[in-house]
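Trainee: For reference, the structure I am asking about is given below.
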There are 2 protein chains.
Amino acid sequence: MKVMVRADVLTNNNIAADFNRELFQKTKTLVINLMSSPGAGKTTLLEETVRALSGKYRIAVIEGDLATERDADRIRAMGAKAVQINTHGGCHLDARMVAACVGEFDLEEIDLLFIENVGNLVCPSGYDLGQNHKVAVLSVPEGNDKIPKYPQMFMRTELVLLNKTDLLPYLDFNVDEAVRDLSEINPQSKLIPLSAKTNEGLQDWFSWIKEAYRQCVQQ
Amino acid sequence: MKVMVRADVLTNNNIAADFNRELFQKTKTLVINLMSSPGAGKTTLLEETVRALSGKYRIAVIEGDLATERDADRIRAMGAKAVQINTHGGCHLDARMVAACVGEFDLEEIDLLFIENVGNLVCPSGYDLGQNHKVAVLSVPEGNDKIPKYPQMFMRTELVLLNKTDLLPYLDFNVDEAVRDLSEINPQSKLIPLSAKTNEGLQDWFSWIKEAYRQCVQQ
């Protein structure tokens, strides 16, 4: 019973994800599903990304949270379009939630769409939203053991942004160990160390976006 | 359909939780369900708690993680009994998982049983494990907005341990604001600021445990 219900939920999700994917491809919109623990710094990273790239790309953001409009307000304050989804206790975004709100954007006028998922290192990784890329944010204060202890997230993402490197002097985090652990769990994945606070390393993230956008519009 | 399945899951969970609760009451074992985001410092806090209190209480720990035996190994290295539950992708512990492993302890010989839940600020709070107390750990690097953005967790817990206060000088975290936000969401809850790394504030946590244990054995 339990397995069948789960399978049914995922089938319905995948239908909506395929609908989203087709729409995003048609409008040449690069869509990135950003996932992490609560407080890893996704919104601050998006604020800095909007600040740096909004002259070059037309950017929009879908914000997923259990409650409050805070994150969408932060993105709007940076001058980008943002829609807030409140899950009212739900632990992840699903493709239907995304499908239900993309109508609020004119996707023909959007180059980059970031979907900031609910802060949760477990559940969001299991749900295809129709995105081009799944990216995980891990932050230095969370510690080195998160990659082996939450393997599903790191197996299902193709890039890890290691945020809050400005705190490395105060904490026992070993970046080389994180790179090694990631390569064991997912040899295709890449890790970019950065600090959304000091802007260290952000250029590598922006270069990654530039290349992903180039591939997206060539398809 | 969706609601009925969820109701069914919770009914089954509650039957197991009542079974656990009766067992814990009979053996006068104080059981604390510890929940937080990944990397908030639950295991380090438990290591320090075992170090400080194992002369006074007989302590055991149930560790919940998606993968690895790492946390149970850390607790055993401190000299306490520990059992590791691996959820293999599951986002929370439920009462049946706990019921299935309490047989590995002789509860008559245990005063304090800590259950370290899967690192997840959303799903674990919805599952009664039969514990005496639900305690949330929030860490300074996660930021002030977590209490309003994850209200279910803070509504369903009676104590918040604000960990990693040693990082306050390097981050924009306002402890007074956290206390205010918590009192709005849950006026009965209490917040204890502490650092499991420097041991600042740990005595307040130990005093809370002492009082909770006193009440537990008097019942």
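Please treat every number below as a calculation from the coordinates, not as lab data. Since the model is a prediction, treat every value here as computed from it, not as a measurement. Note that we place each Cβ from the backbone using ideal geometry, even for glycine, and neighbour counts take in every protein chain shown.
Trainee: Apply the Kirkwood formula to chain B: the hydrodynamic radius equals the inverse of the mean of 1/r over all pairs of different alpha-carbon atoms; give it in Å with one decimal.
Mentor: Value: 17.6 Å, from the Cα pair sum.
Trainee: List every DSSP H helix in chain A whose Cα atoms extend 30 Å or more along the helix's own long axis and whose mean Kyte-Doolittle hydropathy is at least -1.0.
Mentor: Details: long enough: A:2-26 (36 Å, -0.32).
Long hydrophobic helices here: A:2-26.
Trainee: Write down the percent of antiparallel bridges among all DSSP beta bridges whose residues are both part of the protein assembly as shown, to the nearest 5.
Mentor: Approximately 0 percent, going by the DSSP bridge assignments.
Trainee: Also: I'm checking a number: the convex hull volume of the Cα atoms of the protein assembly as shown, normalised per residue, in Å³. What is it?
Mentor: Convex hull of Cα atoms, per residue: 140 Å³.
Trainee: Which distances, in nm and shortest first, link the residue A:199 label point to the same label point in every other copy, taking 7 Å along Cα→Cβ?
Mentor: Between copies, matching label points for residue A:199 lie 4.3 nm apart.
Trainee: Which loop trypsin sites (Lys or Arg not before Pro) in segment B:1-110, with loop taken from DSSP, have no more than 14 other Cβ atoms within 10 angstrom of their Cβ?
Mentor: Working: sites: B:2, B:6, B:21, B:26, B:28, B:42, B:51, B:56, B:58, B:70, B:74, B:76, B:81, B:96; in loops: B:28, B:56, B:58.
Passing sites in segment B:1-110 are B:56.
Trainee: Give me the distance in nm between label points sitting 7 Å out from Cα along the Cα-to-Cβ direction at residue A:218 and residue A:7, one decimal.
Mentor: Distance between label points: 4.0 nm.
Trainee: Using a Cα distance threshold of under 13 Å, what count of lysine pairs results for segment A:2-218 when pairs must be 8 or more residues apart or interchain?
Mentor: For segment A:2-218, qualifying lysine pairs total 5.
Trainee: Still on this structure: Need the full-extension length gain, residue A:199 to residue A:26, defined as separation in residues times 0.36 nm minus the C-alpha distance. One decimal, nm.
Mentor: Once the chain is fully extended between residue A:199 and residue A:26, it gains 58.9 nm.
Trainee: Dimensions of segment A:23-77 along principal axes (Cα, Å, largest first)?
Mentor: Per principal axis, max minus min of the Cα coordinates gives 32, 24, 18 Å.
Trainee: Along Cα-to-Cβ, 7 Å out, sits the label point; list in nm, shortest first, how far the one on residue B:14 is from those in the other copies.
Mentor: Residue B:14 label point versus its equivalents elsewhere: 3.5 nm.
Trainee: Here is a further query. Under a Cβ-only charge scheme (Lys and Arg +1, Asp and Glu -1), can you give me the dipole magnitude of chain A about the Cα centre, in debye to the nearest 20?
Mentor: Rounded to the nearest 20 debye, it is 240 debye.
Trainee: Could you please point out the chain A residue with its Cβ nearest to the axis of the rotation taking chain A onto chain B, and the distance in whole angstrom?
Mentor: For the rotation taking chain A to chain B, the closest Cβ gives A:141, 2.
Trainee: Next question, about the same structure. Along Cα→Cβ, 7 Å out, is where each label goes; now give me the distance between the ones at residue A:67 and residue B:155 in nm to one decimal.
Mentor: Distance between the two pseudo-spin positions: 0.6 nm.
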